Amino acid sequence: MASLLIHGGRIVDPSQGLDGPADLLIEDGAVARIDGKIAKPKGVETLDATGLVVTPGLIDIHVHLREPGQEYKETVATGTRAAAAGGFTAVACMANTVPVHDNRAITELILLEAERAGFARVYPIGAISKGMQGQELAEIGEMVAAGAVAVSDDGLPVMNAELMRRALLYTQHYGIPVIQHAEDLTLTGKGVMHEGEWSTRLGLIGIPGSAEDVMVARDLILTEDTQGRYHVAHLSTARSLDLVRLGRSRGLRVTCEVAPHHLILTDEEVAKTGFSTHCKMKPPLRSSRDREALIQGLVDGTVDCIASDHAPHHADEKDVEFDKAPFGILGLETTLSLCLDRFVHAGLLTLPRLVELLSTGPARVLGLPGGTLQVGSPADVSIFDLDGEVTIVAADFRSKSRNTPFDGWTLRGRPVATVLGGRKVSPLP
Amino acid sequence: MTSETIRWTRKDLLGIAELSPAEIGLLLDTAESFSEIGERPIKKVPTLRGKTVINLFFEASTRTRSSFEIAEKRLSADNINFSTSGSALEKGESLIDTALNLQAMAPDLVVIRHGSPGVPHMLARRLQAGVINAGDGAHEHPTQALLDAFTIRRHKGRLAGLRVAILGDIEHSRVVRSNIHLLTKMGATVVVGGARTLMPTAVEKLGVEVAYSLEDALRGADVVMMLRIQLERQGKMSFPSAKEYFRLFGLTRERLKLAQDDAIVMHPGPMNRGVEIASDVADGSRSVILEQVTHGVSVRMAVLYLLSGVTASEES
Ligand SMILES: [Zn+2]
């Protein structure tokens, strides 16, 4: 098994309260030692991290790998290759594949493909309901036995309150969270962007913030009654964040994630880009007031983690009328640079807090083994240049798709190397 | 700045929102100079001879399409019509492929009407031809706003300082958005009025006053612009019935008395008589509805002319 000495870097590991210059020795794929200066053992490879930051491998708990069924958008192999390039050593992938990941055969298929590719750990999320139809529970226990770590009908909300109640009860047998794509579809209607001044100006049909808020409110009431474990995917409004705070104050087991695009862009972007379909996602880009509240949530600890909602779509699907385009954008290869530039360099977050949001936090939400460099833990490591400039070039992505609103953005901070179980998976020689 | 001091530099006319008051003035003044052609016995000038204009209508629109066609013919352009029925679009061709095919025919101008906001912008990015937005969903309908302004100017001699009430289905109207931009840029006061279920979120951010009763909106208005009502939109009922709508928001002669004595009544058409407007108002002495149609041709001639880039020297 792989051994490696990463030396000369600044180690930031919020799980142990570490932030300072130190060397990291990996033996047999696990963290063996962290010390001020470690002499190179005989025969061990080295990685010079002088001037770089060394952290626990980043974890994205909300990605769409599109396999099986939509391999023209992404595969487990290309998606995890993109993850490694972006500094991520683990991803949790959503169940809206074709067919839906609602049975253990698909859990096993995803894990097999991930093993074959070898770029990142993949944690499959199974569907809550059979076929994501929102009618009856999927075989959650079978999927968990095969390796699923949570359930979600993401892409669609669980509209049926009784089904949601049962999911919150049943998942407690397996100790896994129910992840909700919180959206009341009757309020969304045919909406394609956030309802507000900009939808009014552009004449596009709006999706009100209340579509998310009423669902989060309903689910928190059900969480209270069931004592279940609830997680809000891609939380996007100020009021939903307040509801999460309220739920916590009542002792509920509720967590939430926020996506980088909701923290950086607003609904005005649709106008600024002349109706670019790369500004079309669900939930939609919200108001600047929402955006500011979400950033406050990162700072004050209400937000548990940042997750990208990496949603690959083919150029032919996105290059259509705004009304017709599918919802979603990529995230794996832009998240780290965006967060370093917009939050750390902008002085909004400390570097340890950002690492917590991208690594220790997401591991805690799903109860995953990573997110730490404690001795004995798997040697999943991200190494990045805090100050190096990078220009996002979608054409160079490892992902199969190119749908990002950040193409051409120049940012400060970039991933340099990614180590998985002591083995360098990015950049490849 | 007067219109004489500026030149038209845009390739496309996508909306009013991005235009300056000087550009709007130039368009309106140019329309004035074309309006006389419509009164001649031979209503044709050679201005756009040898230029090709494609009218691309993805939504049925007899009125706007005919108006553009007449404007094109009066300017001697070669024009051709594409509409959705029977075209490649119904056979599943993507909009981009349609655009590329059009480009291959090397038109000089493309007039487009589409149900989705932003489609003219998408085409404009890909076509070398100038693109004229003839209505994109509920977004903009710039030539309608220009012809409305032209009509108002003819009657009031100015736009600045006027109080214009726009009434009806504000939420789904492209006409109202273009008119709000144009009138507020030119110094008029706009009040939008109508039912709460037909009022878009945050509309006041567009620089207008908002009234939720017809009476409040009409009080003191110099211009009363009615919009077509479609009670059922996007599968959602915004109003229980046409009868109930007319009771609250229909424009009657009695209600019109709240406006200025010399207020004019406008409607972009097609009208629902007895729903948003009573017939005796639509056909009454204050109505300028048919004049709007006449001026539409002059305004569209001006737009086609300015976008074609034909200069006076080329013309001769
Ligand atoms: Zn989702």
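Its relative contact order, with pairs defined as Cα atoms under 8 Å and 6+ residues apart, puts region A:82-134 at 47 percent. Ligands, DNA and RNA are left out, and with a 1.4 angstrom probe the accessible area of chain B is 41 Å² per residue. Within 10 Å of the Cβ of each residue in A:81-91, the mean number of Cβ atoms contributed by other protein chains is 0. Farthest towards the positive end of the charge dipole of chain A, among the residues A:93, A:305, A:240, is the Cα of A:305, using unit charges on the Cβ of Lys, Arg, Asp and Glu. Out of every Cα-Cα pair that the protein assembly as shown contains, those further apart than 47 angstrom amount to 31 percent. Under the criterion of Cα pairs below 8 Å and six or more residues apart, the relative contact order for chain B equals 20 percent.
Roll a 1.4 Å probe over the protein chains and send me the accessible area per residue for region A:57-334 in Å². Normalised by residue count, the accessible surface of region A:57-334 is 32 Å².
The Cβ shell under 10 Å around residue B:269 holds other residues with a net charge of +2, Lys and Arg each +1, Asp and Glu each -1. In region B:184-209, the residues whose accessible area drops by at least 40 square angstrom when the other protein chains are added to the isolated chain are B:201, B:205, B:206; the probe is 1.4 Å and only protein heavy atoms count.
Projecting the Cα atoms of B:151, B:207, A:295 onto the dipole axis of the protein assembly as shown, where Lys and Arg carry +1 and Asp and Glu carry -1 at the beta carbon, places B:151 farthest toward the positive end. Expressed in units of 2.2 N^0.38 Å, where N is the residue count, the Cα radius of gyration of region A:57-334 is 0.94. Only DSSP H runs of four or more residues enter the estimate; each adds -39500 (n - 2.57), and after division by the residues of chain A the mean residue ellipticity at 222 nm equals -8000 deg cm²/dmol. Peptide B:129-137 has a mean shielding of 1, counted as Cβ atoms of other protein chains within 10 Å of each residue's Cβ. The lysine pair count for region A:273-429, using Cα distances under 27 Å and pairs eight or more places apart or on different chains, is 9. For chain B, the C-alpha radius of gyration sits at 0.99 times the compact-globule guess of 2.2 N^0.38 Å, with N the residue count. Peptide A:269-282 shows a mean partner chain C-beta count of 2 within 10 Å per residue C-beta. The amide H of residue A:121, built 1.01 Å from its N in the peptide plane, has A:90, A:91 as neighbours under 5 Å, considering only residues 5 or more places off or on other chains. The loop-placed GluC sites (Glu not before Pro) in region B:6-47, going by DSSP, that have at most 14 neighbouring Cβ atoms within 10 Å of their Cβ come out as B:18. Think of each Lys and Arg Cβ as +1 and each Asp and Glu Cβ as -1; about the Cα centre, that makes the dipole of chain B roughly 140 debye. Interface B-A: total buried accessible area of about 1700 Å², 1.4 Å probe, protein heavy atoms only.
The mean sequence separation of alpha-carbon pairs under 8 Å and at least six residues apart, normalised by the residue count of region A:57-334, gives a relative contact order of 16 percent. Residues whose amide H lies under 5 Å from that of residue B:193, counting only those 5 or more places away or on a different chain, are B:166, B:167, B:168, B:211; hydrogens are built 1.01 Å from N in the peptide plane. Largest GNM mean-square fluctuation among B:268, B:240, B:142, using chain B with Cα springs under 10 Å: B:240. Rounded to a whole number, what % of the accessible area of region A:57-334 do carbon and sulfur atoms account for, probe 1.4 Å? That share works out to 50 percent.
How far is helix A:76-85 tilted, in degrees, relative to the longest principal axis of the Cα atoms in chain A, given as a value from 0 to 90 rounded to the nearest 10? For helix A:76-85, the angle is close to 60 degrees. Ordering A:397, B:188, A:123 by Cα displacement along the dipole of the protein assembly as shown toward the positive end leaves B:188 in first place; charges were set at the Cβ atoms of Lys, Arg (+1) and Asp, Glu (-1). Around the amide H of residue B:56, modelled in the peptide plane, lie the amide H atoms of B:82, B:111, B:112, B:113, all under 5 Å away and 5 or more residues distant in sequence or on another chain.
The values are calculated or read from the model by the stated rules, or taken from the named source; none is laboratory data. Because the structure is a prediction, the values reported are computed rather than measured. Backbone-built Cβ (ideal geometry, glycine too); neighbour counts: all protein chains shown. These accessible areas exclude ligands, DNA and RNA; they are computed on the full protein's heavy atoms, side chains included. Shrake-Rupley method; radii C 1.70, N 1.55, O 1.52, S 1.80 Å.
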